[in-house]
Structure formats: structure tokens, C-alpha cells
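Undergrad: The following block contains the structure, expressed as C-alpha cells.
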Amino acid sequence: MIEERFDAIVVGAGMAGNAAALTLAQRGLKVLQLERGEYSGSKNVQGAILYADMLEKLIPDFREDAPLERHLVEQRFWMMDDRAHVGLHYRSEDFNEERPNRYTIIRAQFDKWFSSKVREAGAVVLCETTVTELVQDAYGRVIGVRTDRHDGEVHADVVVLAEGVNGLLGTRAHLRNIPRPDNVALAVKEMHFLPRETIEARFNLKGDEGTVIEAAGTISRGMTGMGFIYANKECVSLGIGCLVADFQSTGETPYGLLERFKTHPSVAPLIEGSEVKEYSAHLIPEGGYNAIPQLYGEGWVVVGDAAQLNNAIHREGSNLAMTSGRIAAEAIFQIKSRRDPMTAQNLALYKKMLDDSFVIKDLKKYKDMPQLMHIQSQNFFLTYPQLVSKAMQNFVRVDGTPKTEKEKTTLRSFVKARSWTGLFGDAFRLARAWR
Amino acid sequence: MTTEPSVRVEDKLFYNRYLVDAGRAHIKVRPHTAPTPALLTLLKVCPARCYELNDKGQVEVTVDGCVECGTCRVIGEPGGDIEWSYPRGGYGVLFKFG
């Protein structure tokens, strides 16, 4: 399809792929980026929150023309039972800073813009092209890719696999495995459109201020999962995701969960009267540190979601994707500058640089959390939210019961549900996994 | 299991834009007489409800509304219950917001 040979081929135009292609092109390498969607972003789905710092490292003046929705001044965590929520609510005027730290974005629009920067930097970006296979030589070295275009084989020194959580190429070439059902969450999302003023009034915002609500509890029916509500300029992104393994064992349906989340008395008023304009679904890598596959080999590296680089505890994914894409590109550039070949031995530099970054350090910190949350999902996502909600109601409702009696009732309900051993055990396990 | 609220997934899919590659389904179900547990799971877990039982009790897939999340691949591909690919370049779901 393209006769010439490239320094690097980047498969995918999400956060990781765009970061890699941009970095490589900025450093003067000959880059081909392949994307199966009609345009960059047309196949991508995210909540979505953008962390400014990671993008600033790639495009320092991105605030000038990037399609940003709202900068976040507020974060709410909700622990929900079927009729109530107990909330932690953090809002600070500090977030109304000149260079805000976090924004809500709409991925399809953002990725289109990001892609325009990649093109400006000189990369060749080919959309509507599905890569079907990696091309390997007799020694198993990756030397290029095969696409679904006519005569669709194209060669390069190195292939950057930024193909997403459900990437086919790496798994088909046995470079990594298909994610296990307990290492991925399925999230479904709707985009609810409302007039700007309505969103601002309902979420207590002014101007471009934004807010995020993250919710856990009985909304996931005892499965490991969370709901989210993000305020954009003229729409609200609303969704819920749970581990695929839990969907398998419970037989719950994702759209059933979404519907119940939307009709919860704490959620319904926020989206009342909205017009839904899109329904999407996506897998989220949730396996953490222990699920990270081999990151490099002969002529290839893997970045972003395809490498399971997602911090599920802090809901950070796209920034890890961007950072891993950038670091992979920097490693490739270093190797190229030394005129060394793209062997596994040389590409190990990517892993070394990634290990030294916050990406792997953070994932290592929480390496035991995914398993704990999964094994204990009934307790963390059903029992405790119900207990806490009941305790709160008992605390605030005034009905002539002496306070000592109220405290005893609350304590008894906890001990009855989980026993002293269970309570201490859970607290200990949680603390240990968090450390 | 809990009671299912009445949700019409078809209505949700109407919000989306698709470019259907007629005659080239990107997902195929392995021929079977009785469905495996994995195939039965797909009836419920697929967020676009692409999987349905036919009148012979076999699981069938219609990919027109597929949102390309890959959940069925994670469940069905390791055991060989389904064959999974991405649609040809440019085809399939086209997210405006994503």
C-alpha cells in the first residue's frame, strides 16, 4: 500500500497512540499511524477526565485550542444504597487557577484535535484502516503490519501497539494474552444533553467550572464496580462499569444497571428532561500491576490500555496512556539516535524508563487492590454502603431515642453483618493493600 | 438475580451512528446444537444485545448494533465459542462523542 519504509508504525489513535506518534514525529522520525475509525476518536470511549500535566508535557500550550469542556473545581464521592447516598464532597476555589489541573473532555472531539497536532508534527496518519496482523520475519522479529487495504503490507523498524484494551494484534501474535474477565470492567455510558444553564444550576457551577461524581454501592448489585456522572458544557456523561467476571457470575445486564443508576433518587433529578444522544460501551483495564503484560520485544512495544496501564483506584487511565506513549517514543528515539537496531534488548529501555515514572510506581503501590476489591465485592459494594447509610440515617433522624441507644444500634448492625473479626480483617486488608 | 427493568436496548442503539458492512459480520458464533455456558452469558452481558437465542435454542449474533467493546471476545474467544475481529476500516460504530 505504501512502498516506503518507516522508522515507526503506531497502531491506534487514542491517547497512547497519539502521544507516541506526536513525540516520534516531533523528533524527526518517519512515522505512520494507522487508525480503523473514520477519524481519530471515532472508535474511542472514555468518561472522560483529562489531566493537564501529562498533556502539557506533549503540547505545552494545549489550552489555546484544545476542545476542553469544563475545568473541575469539585469532586464528589457517593456511597449509595437504594434510596440514599452518603457523600464526601471536595470543592476548592484553588481549582479556579490560571492553568487548571483537570478538565472534562469529549473524547471523539478531543482525539480529533490531538490527531491534528500529530499531523502537523509530520506523521502520516491513515484512518479507515484496520490492521489485521503483525508481520514477522523468520526469526519472529516484528517488521511491519498487514492491513485490510489493497496490498496492505507496510514495514518499519518498530511497531508501537497502541491498540487499546481489546487489541487484536498483540494477542494474535501471542505477545500477550486476551484480558481475563476478572482483569477488565465493562462500562456503559450515555450522553445526556441539557441547556448549559440547567447543568450549571443543578451542579452548582458557574462559567466553565465542572464537577465529577463517582459513586459506589448497591447500584452495582454487589459487583465490583462504580458509577460516574461528569458535567460537560452542554451535556452530562453518565455511566456505570463493573468487572466482566462479575457480570458473568451474576447474570446482571449492563443496560439494566445503567437504567437503575439513572432512576436512583439521587441521580434522576440531575438528568431530568435531558435528551440522550449516544450510548456507548467500553472495556476498562482493571487488573493493575499484576496484569501488565510483556511490554516490549523484537521490533515492538505496547502502550496504554493494551498494556493494562490503568490506575483503577484513582480512575486514571488516559494520562497513563499518554505518558507510556510518550516514554515509548522517547526510548525509540534514543535507540534510533544511537543508530542501534530495535531489538528486545535495546527496547528494554522503554520498560526501564516506565518503571522510573509515576506510571509503574503508582500501579505497584496498589498491586493488591484489584484482587481485594474483587474477592470482597459483596462487602465493599453491598454490605458496607447499606450499613453506612443506615448509620447516617440513625445519626441524623431525631425521634426521641437516647443517643447512646442509637450508637449501640449502629454498632450492633455492623457487628451483626460482618462480625468483629470480619470488620477488623476488612480494615486490615484494606489498609495493607492501600499502603 | 434481580428483576430486570424494562429497557429497550434497541432504542439506545438508535442514538448511535453506524456504517454497516453488509454481508461481512466481524463476529461469528461457532456452530453448535446446544449453547455452552459462555455463549449463554453473552445473551445477558452484551451491552448492545447482539446475541439472541433462535427458535432451535442456539445462540445467534447480529453485529449491526455492535458497539465494539470486546466483552464477548473476552468471554467467548478463549474457549473457541466465537471468532472475533474488528470491522473493516471505517465500518462499524462511529462515535460522535465517545
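Undergrad: Looking at (1) surrounded by 22 or more Cβ atoms within 10 Å (Cβ to Cβ); (2) within 24 Å of B:Cys69 (Cα to Cα), which one does A:Gly251 not meet, given that it meets all the others?
TA: (1)
Undergrad: Further, regarding this structure: Free of Cβ contacts under 8 Å to residues at least 24 places away in the same chain and within 14 Å of another protein chain (Cβ to nearest Cβ): which single residue out of A:Ala268, A:Ala245 fits that description?
TA: A:Ala268
Matching residues to (1) closer than 20 Å to A:Asn44 by Cα; (2) buried (at least 19 other Cβ atoms within 10 Å of the Cβ):
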| residue | (1), (2) |
| --- | --- |
| B:Leu19 | yes, no |
| B:Lys28 | no, no |
| B:Pro31 | no, no |
| B:Cys46 | yes, yes |
| B:Thr62 | no, no |
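Undergrad: Checking A:Tyr139 against (1) within 14 Å of another protein chain (Cβ to nearest Cβ); (2) closer than 27 Å to A:Gly297 by Cβ: exactly one of these is not met. Which one?
TA: (1)
Undergrad: Here's another thing I want to ask about it. Looking at A:Gly47, A:Gly140, A:Gly87, can you tell me which residue is at pLDDT below 95 and either of a type in the set (Ser, Thr, Tyr) or within 22 Å of the chain's Cα centre (by Cα) (or both)?
TA: Result of the check over A:Gly47, A:Gly140, A:Gly87: A:Gly47.
Undergrad: What number goes with the only condition from (1) buried (at least 23 other Cβ atoms within 10 Å of the Cβ); (2) at pLDDT below 95; (3) in a loop (DSSP other than H, G, I, E, B) that A:Leu309 does not pass?
TA: (2)
Undergrad: Identify all residues within the range A:19-49 that are crowded, with 24+ Cβ neighbours inside 10 Å, among the hydrophobic types (A, V, I, L, M, F, W, C) and part of a strand (DSSP E or B); write none if there are none.
TA: A:Val31, A:Leu32, A:Leu34
Undergrad: Let me ask something additional. Please specify each residue of the range A:261-293 satisfying the condition of being polar (S, T, N, Q) and touching a strand residue (DSSP E or B) at 6+ places or on another chain (Cβ under 8 Å).
TA: A:Ser266, A:Ser274, A:Ser280
Undergrad: Next question, about the same structure. Within the range A:278-294, which residues are buried (at least 24 other Cβ atoms within 10 Å of the Cβ) and more than 14 Å from chain B (Cβ to nearest Cβ)?
TA: A:Gly288
Undergrad: A follow-up question, please. In the range A:353-435, which helices (runs of 4 or more DSSP H) lie fully inside it and hold 3 or more residues that are over 32 Å from the mean Cα position of the chain (by Cα)?
TA: A:384-396, A:403-434
Undergrad: Working carefully through the options A:Val165, A:Val86, A:Val188, find the one that is on the phi < 0 side of the Ramachandran plot and either acidic (Asp, Glu) or more than 14 Å from every other protein chain (Cβ to nearest Cβ) (or both).
TA: Only one candidate qualifies: A:Val86.
Undergrad: Further, regarding this structure: Given the condition assigned to a strand (DSSP E or B), surrounded by fewer than 21 Cβ atoms within 10 Å (Cβ to Cβ) and hydrophobic (A, V, I, L, M, F, W, C), answer yes or no: does some residue in the range A:166-183 qualify? Step through it out loud before you land on a result.
TA: Taking the range A:166-183 first, the residues assigned to a strand (DSSP E or B) are none.
Looking for residues that are assigned to a strand (DSSP E or B), surrounded by fewer than 21 Cβ atoms within 10 Å (Cβ to Cβ) and hydrophobic (A, V, I, L, M, F, W, C), one finds none in the range A:166-183, hence no.
Undergrad: Return only the number of the condition from (1) under 21 Å from A:Pro293 (Cα atoms); (2) out of contact with any Asp or Glu (no Cβ under 6 Å at 6 or more places or on another chain) that A:Gly164 does not satisfy.
TA: So the condition that A:Gly164 fails would be (2).
Undergrad: In a loop (DSSP other than H, G, I, E, B), of a type in the set (Val, Ile, Thr) and within 12 Å of chain A (Cβ to nearest Cβ): which single residue out of B:Val93, B:Val67, B:Val74 fits that description?
TA: B:Val67 is the lone residue from the list that is in a loop (DSSP other than H, G, I, E, B), of a type in the set (Val, Ile, Thr) and within 12 Å of chain A (Cβ to nearest Cβ).
Undergrad: Here's something else I'd like to know. Conditions first: (1) in contact with a Ser or Thr (Cβ under 8 Å, 6 or more places away or on another chain); (2) at the interface with another protein chain (Cβ under 8 Å from one of its Cβ atoms); (3) in contact (Cβ under 8 Å) with a residue 12 or more places away in the chain. B:Lys44 passes all but one, so which condition is the exception?
TA: Result: B:Lys44 passes all but (3).
The values are calculated or read from the model by the stated rules, or taken from the named source; none is laboratory data. Bear in mind that the values here come from a model prediction, so they are computed numbers and not experimental data. Neighbour counts are summed over all protein chains in view; Cβ atoms, including those assigned to glycine, are modelled from backbone coordinates with ideal geometry.
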